[in-house]
Amino acid sequence: MSLSLPLELLDATVDCLSDDSWTLESCALVARAWTGPSQRALFHHIDLTHAFMIECLTVHLAHHPHLQTLVRIVSFSEFPVGSDKIDPTQYAKDIAALLRRLPHLTSITVSYSPVWKESYLWRSFPQVLADFIRQSSLTAMTIQGLKTQYNFQQALSPSA
(Lines give C-alpha, C1' and ligand atoms only; values in the text may rest on other atoms or scores of the structure.)
Protein backbone atom coordinates (compact mmCIF):
# COMPACT_ATOMS: atom_id res chain seq x y z
CA MET A 1 0.00 0.00 0.00
CA SER A 2 1.36 3.38 -1.02
CA LEU A 3 0.57 6.48 1.00
CA SER A 4 0.74 9.85 -0.67
CA LEU A 5 0.59 13.36 0.67
CA PRO A 6 -2.01 15.77 -0.64
CA LEU A 7 -0.46 18.06 -3.25
CA GLU A 8 -0.95 21.12 -1.01
CA LEU A 9 1.17 19.54 1.75
CA LEU A 10 3.84 18.46 -0.70
CA ASP A 11 4.03 21.97 -2.16
CA ALA A 12 4.13 23.53 1.32
CA THR A 13 6.96 21.19 2.34
CA VAL A 14 8.99 21.99 -0.77
CA ASP A 15 8.35 25.73 -0.30
CA CYS A 16 9.88 25.51 3.18
CA LEU A 17 13.02 24.04 1.62
CA SER A 18 13.37 26.58 -1.19
CA ASP A 19 16.70 27.91 0.15
CA ASP A 20 18.27 24.48 0.57
CA SER A 21 19.23 23.14 -2.85
CA TRP A 22 20.94 20.04 -1.49
CA THR A 23 17.77 18.94 0.30
CA LEU A 24 15.62 19.82 -2.73
CA GLU A 25 17.85 17.64 -4.91
CA SER A 26 17.33 14.80 -2.45
CA CYS A 27 13.57 15.40 -2.38
CA ALA A 28 13.46 15.14 -6.17
CA LEU A 29 14.75 11.58 -5.81
CA VAL A 30 12.42 10.47 -2.99
CA ALA A 31 9.41 9.63 -5.12
CA ARG A 32 8.00 10.54 -8.51
CA ALA A 33 5.42 12.83 -6.88
CA TRP A 34 8.21 14.88 -5.28
CA THR A 35 10.20 15.37 -8.50
CA GLY A 36 8.09 18.11 -10.12
CA PRO A 37 7.66 20.34 -7.07
CA SER A 38 11.34 19.95 -6.16
CA GLN A 39 12.51 20.81 -9.68
CA ARG A 40 10.20 23.85 -9.77
CA ALA A 41 11.82 25.14 -6.59
CA LEU A 42 15.35 24.31 -7.76
CA PHE A 43 15.03 26.02 -11.14
CA HIS A 44 12.78 28.94 -10.21
CA HIS A 45 15.74 31.25 -9.48
CA ILE A 46 19.14 30.55 -11.02
CA ASP A 47 22.09 32.48 -9.62
CA LEU A 48 25.04 32.49 -12.03
CA THR A 49 28.08 33.52 -10.03
CA HIS A 50 30.78 32.27 -12.42
CA ALA A 51 31.03 32.64 -16.18
CA PHE A 52 31.48 28.88 -16.70
CA MET A 53 28.05 28.28 -15.11
CA ILE A 54 26.35 29.89 -18.11
CA GLU A 55 27.58 27.24 -20.53
CA CYS A 56 26.96 24.42 -18.03
CA LEU A 57 23.37 25.52 -17.46
CA THR A 58 22.76 25.91 -21.21
CA VAL A 59 24.00 22.37 -21.85
CA HIS A 60 21.95 21.01 -18.94
CA LEU A 61 18.80 22.68 -20.23
CA ALA A 62 19.48 21.35 -23.74
CA HIS A 63 19.54 17.80 -22.33
CA HIS A 64 16.50 18.39 -20.09
CA PRO A 65 14.23 20.75 -22.05
CA HIS A 66 11.32 20.38 -19.63
CA LEU A 67 13.38 22.35 -17.08
CA GLN A 68 13.60 25.40 -19.35
CA THR A 69 10.02 26.40 -18.57
CA LEU A 70 10.66 26.35 -14.82
CA VAL A 71 13.22 29.18 -14.78
CA ARG A 72 11.62 32.50 -13.85
CA ILE A 73 14.54 34.52 -12.44
CA VAL A 74 18.21 34.63 -13.49
CA SER A 75 20.84 36.54 -11.55
CA PHE A 76 24.30 37.37 -12.86
CA SER A 77 26.83 38.38 -10.23
CA GLU A 78 30.38 38.40 -8.96
CA PHE A 79 32.37 36.81 -11.75
CA PRO A 80 35.86 36.03 -10.43
CA VAL A 81 39.08 37.87 -11.21
CA GLY A 82 40.02 35.17 -13.74
CA SER A 83 37.10 36.33 -15.90
CA ASP A 84 39.49 38.37 -18.02
CA LYS A 85 40.66 35.12 -19.63
CA ILE A 86 37.22 34.53 -21.12
CA ASP A 87 36.59 35.47 -24.75
CA PRO A 88 33.99 38.28 -24.59
CA THR A 89 32.47 37.31 -27.94
CA GLN A 90 31.91 33.75 -26.77
CA TYR A 91 30.65 35.02 -23.42
CA ALA A 92 28.02 37.15 -25.16
CA LYS A 93 26.98 34.20 -27.35
CA ASP A 94 26.70 31.93 -24.27
CA ILE A 95 24.48 34.43 -22.44
CA ALA A 96 22.31 34.94 -25.52
CA ALA A 97 21.97 31.15 -26.01
CA LEU A 98 20.99 30.69 -22.38
CA LEU A 99 18.42 33.48 -22.37
CA ARG A 100 16.82 32.16 -25.59
CA ARG A 101 16.22 28.82 -23.82
CA LEU A 102 14.13 30.44 -21.07
CA PRO A 103 10.64 31.14 -22.47
CA HIS A 104 9.06 31.94 -19.08
CA LEU A 105 11.83 34.15 -17.73
CA THR A 106 10.25 37.12 -15.98
CA SER A 107 13.17 38.74 -14.16
CA ILE A 108 16.89 39.32 -14.65
CA THR A 109 19.10 40.69 -11.91
CA VAL A 110 22.60 41.94 -12.62
CA SER A 111 24.80 42.73 -9.64
CA TYR A 112 27.69 44.82 -10.80
CA SER A 113 30.94 43.66 -9.31
CA PRO A 114 34.06 45.82 -8.90
CA VAL A 115 35.79 43.04 -10.85
CA TRP A 116 33.68 44.02 -13.85
CA LYS A 117 34.83 47.65 -13.70
CA GLU A 118 37.71 47.13 -16.11
CA SER A 119 36.57 43.81 -17.57
CA TYR A 120 35.80 43.55 -21.23
CA LEU A 121 33.17 40.99 -20.30
CA TRP A 122 30.90 43.86 -19.34
CA ARG A 123 31.22 45.45 -22.77
CA SER A 124 29.12 42.73 -24.44
CA PHE A 125 26.67 42.18 -21.60
CA PRO A 126 24.39 45.26 -21.95
CA GLN A 127 23.75 44.70 -25.65
CA VAL A 128 22.91 41.03 -25.08
CA LEU A 129 20.42 42.08 -22.40
CA ALA A 130 18.90 44.76 -24.62
CA ASP A 131 18.48 42.31 -27.52
CA PHE A 132 16.82 39.77 -25.22
CA ILE A 133 14.50 42.29 -23.57
CA ARG A 134 13.16 43.42 -26.94
CA GLN A 135 12.10 39.85 -27.77
CA SER A 136 10.92 38.53 -24.40
CA SER A 137 8.09 38.72 -21.92
CA LEU A 138 10.43 40.01 -19.24
CA THR A 139 8.59 42.00 -16.59
CA ALA A 140 11.50 43.05 -14.34
CA MET A 141 15.17 43.80 -14.66
CA THR A 142 17.32 44.94 -11.76
CA ILE A 143 20.82 46.30 -12.16
CA GLN A 144 22.61 46.87 -8.87
CA GLY A 145 25.76 48.94 -8.39
CA LEU A 146 26.24 49.70 -12.07
CA LYS A 147 28.64 52.47 -12.97
CA THR A 148 28.68 52.66 -16.73
CA GLN A 149 27.75 55.03 -19.50
CA TYR A 150 25.68 52.38 -21.34
CA ASN A 151 22.36 53.87 -22.43
CA PHE A 152 19.76 51.10 -22.00
CA GLN A 153 16.92 53.42 -22.98
CA GLN A 154 18.54 54.11 -26.34
CA ALA A 155 19.39 50.42 -26.84
CA LEU A 156 15.77 49.43 -26.18
CA SER A 157 14.20 52.04 -28.44
CA PRO A 158 12.44 50.66 -31.54
CA SER A 159 15.01 52.24 -33.87
CA ALA A 160 17.94 50.47 -32.13
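The values are calculated or read from the model by the stated rules, or taken from the named source; none is laboratory data. Note that the structure is predicted; figures quoted are calculated from it, not measured. Every residue, glycine as well, gets a Cβ built from its backbone with ideal geometry; the counts of neighbours run over all protein chains shown. The area values use the complete protein model at the heavy-atom level, side chains included, leaving out ligands, DNA and RNA. Shrake-Rupley method; radii C 1.70, N 1.55, O 1.52, S 1.80 Å.
Taken over segment 1-31, the criterion of being without any contact (Cβ under 8 Å) to a residue 12 or more places away in the chain, part of a loop (DSSP other than H, G, I, E, B) and within 20 Å of ILE46 (Cβ to Cβ) is satisfied by ASP19, ASP20. If you check LEU48, LEU29, LEU57 for being among the aliphatic types (A, V, I, L, M) and closer than 20 Å to LEU7 by Cβ, only one passes: LEU29.
Looking at LEU57, LEU48, LEU17, which is the one that is in contact with a Cys (Cβ under 8 Å, 6 or more places away or on another chain), of a type outside the set (Gly, Ala, Ser) and either surrounded by fewer than 14 Cβ atoms within 10 Å (Cβ to Cβ) or on the phi < 0 side of the Ramachandran plot (or both)? Before you say what the answer is, go through the steps one by one.
Working: LEU57 fails: in contact with a Cys (Cβ under 8 Å, 6 or more places away or on another chain); LEU48 fails: in contact with a Cys (Cβ under 8 Å, 6 or more places away or on another chain).
Just a single option satisfies the conditions, and that option is LEU17.
Does segment 32-42 contain any residue that is open to solvent by less than 70 Å² (accessible area, probe 1.4 Å) and assigned to a strand (DSSP E or B)?
Let us first name the residues in segment 32-42 that are open to solvent by less than 70 Å² (accessible area, probe 1.4 Å), namely 33-39, 41-42.
Checking the rest, the ones that are also assigned to a strand (DSSP E or B) come to none.
Taking every residue of segment 32-42 in turn, none turns out to be open to solvent by less than 70 Å² (accessible area, probe 1.4 Å) and assigned to a strand (DSSP E or B).
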